[in-house]
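Peer 1: If you scroll down you'll find the structure; I have some questions about it.
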């Protein structure tokens, strides 16, 4: 059996991007470790409920260990706020310091595989971009043999964006943004069928109550997804995708351990 470490930017990313894959790996008997760079707090709120939500979500997915590097959320958008008292925003974190902390976990776990992000962070969020740099450096420091980068097919996102726009559903419809998000289908190396684990993913998704009940676009999208009938949710999230930078594209691999 192998050990996979999933490195994510914020609580909730673990389930949105890799929830089915982690549940599948755990069900197959592999050791699953979830690490987030931030605790999801933009400021120094007293109640660290986001980490509690992360632990509950990860438990549903079958994770054996959950860690947080403790950086502050950098926020998304043109404004990059100053660091809160006593903490550094992940987007400003020293690369070697952050990578060294993640590498310590990789060594401790004798990790066989690290799940990280692509150079564009998927859609340009500064914390997601930093996950790529920190994850890549940490894998080098810990001599972790394999790194897979989480992604989605860009063509699929363009279609979803167009349909959502026609139905006037909440979401980012700007094709210029989506056109540069994640990866073209031809560059994807792994397409993992996670349909059997859709219920676990949905249940883990629901544990991030603070995100569902908040104001803003993300909360509207989260709420909309959880209101979908289970069969529709399962069909929508039936696959998860990855890019192995060390592999040439060609035949799609069906499992992260292939």
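Peer 1: May I ask what percent, to the nearest 5, of DSSP beta bridges between residues of the chain are antiparallel?
Peer 2: 25
Peer 1: Obtain the nm distance between the two label points defined at residue 199 and residue 162 by a simple spin-label model: each point lies 7 Å from its Cα along the Cα-to-C-beta direction.
Peer 2: So the label points at residue 199 and residue 162 sit 3.5 nm apart.
Peer 1: Between residue 79 and residue 107, what length in nm is gained on full extension when 0.36 nm per residue of separation is reduced by their alpha carbon distance?
Peer 2: That pair, residue 79 and residue 107, stretches by 6.5 nm at full extension.
Peer 1: Can you sort 195, 90, 222 so the residue with the fewest Cβ neighbours within 10 Å comes first?
Peer 2: 195, 222, 90
Peer 1: Provide the three semi-axes, in whole Å and in decreasing order, of the ellipsoid equivalent to region 6-80 as defined by the square roots of 5 times the Cα gyration tensor eigenvalues.
Peer 2: 24, 13, 9
Peer 1: Which distance in Å, rounded to a whole number, links the C-alpha centroids of region 42-113 and region 1-39?
Peer 2: 14
Peer 1: A further question follows. Provide 194, 33, 15, 42 in ascending order of the number of other Cβ atoms located within 10 Å of each residue's Cβ, fewest first.
Peer 2: Ordered from fewest to most neighbouring Cβ atoms within 10 Å, 194, 33, 15, 42 come out as 42, 194, 33, 15.
Peer 1: Starting from the 7 Å offset along Cα-to-Cβ, what nm value, one decimal, do you get for the label separation of residue 227 and residue 179?
Peer 2: Spacing of the two 7 Å Cα→Cβ label points: 3.2 nm.
Peer 1: May I ask you to sort 256, 212 by Cβ crowding, counting other Cβ atoms within 10 Å and putting the fewest first?
Peer 2: 212, 256
Peer 1: Also: Take the Cα atoms of region 3-243, find their three principal axes, and give me the spread along each one in whole Å, biggest first.
Peer 2: Ordered largest first, region 3-243 gives principal extents of 46, 42, 34 Å.
Peer 1: Taking 30 Å as R0, compute the FRET efficiency from the Cβ-Cβ separation of residue 87 and residue 235 and round it to 0.05.
Peer 2: Between residue 87 and residue 235 the formula returns 0.15.
No value in this document is a laboratory result; all are computed from the given coordinates. Because the structure is predicted, anything quoted here is derived from the model rather than measured. Methodologically, a virtual Cβ is constructed for each residue, glycine included, from the backbone with ideal geometry; neighbour enumeration extends over all protein chains shown.
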